[in-house]
Amino acid sequence: MKRVLVTGAQGMLGRAVMRRLKYEKIPADAWTRADGDLSEVDTARWAVQILKPNLVIN
């Protein structure tokens, strides 16, 4: 099964997306500002290498 990374997961849209993914039983990781700034290349690279998402929803 594919894995999804949802950025902005504490925002209105991010929360709705996470609820839907959970309902559909799709594996997903929630990323928030507290997790790090994805506009920084090293942080974004780390997130993708560690979490290995097939899809990123921003």
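Please treat every number below as a calculation from the coordinates, not as lab data. Keep in mind the model is a prediction, meaning the values are calculated, not measured. Cβ atoms come from the backbone with ideal geometry, glycine included; neighbour counts cover every protein chain shown.
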Before we move on, is A44 of a type outside the set (D, E, K, R) and surrounded by 14 or more Cβ atoms within 10 Å (Cβ to Cβ)? yes
Within the stretch 1-45, which residues are more than 13 Å from the chain's Cα centre (by Cα) and hydrophobic (A, V, I, L, M, F, W, C)? M1, M12, V41
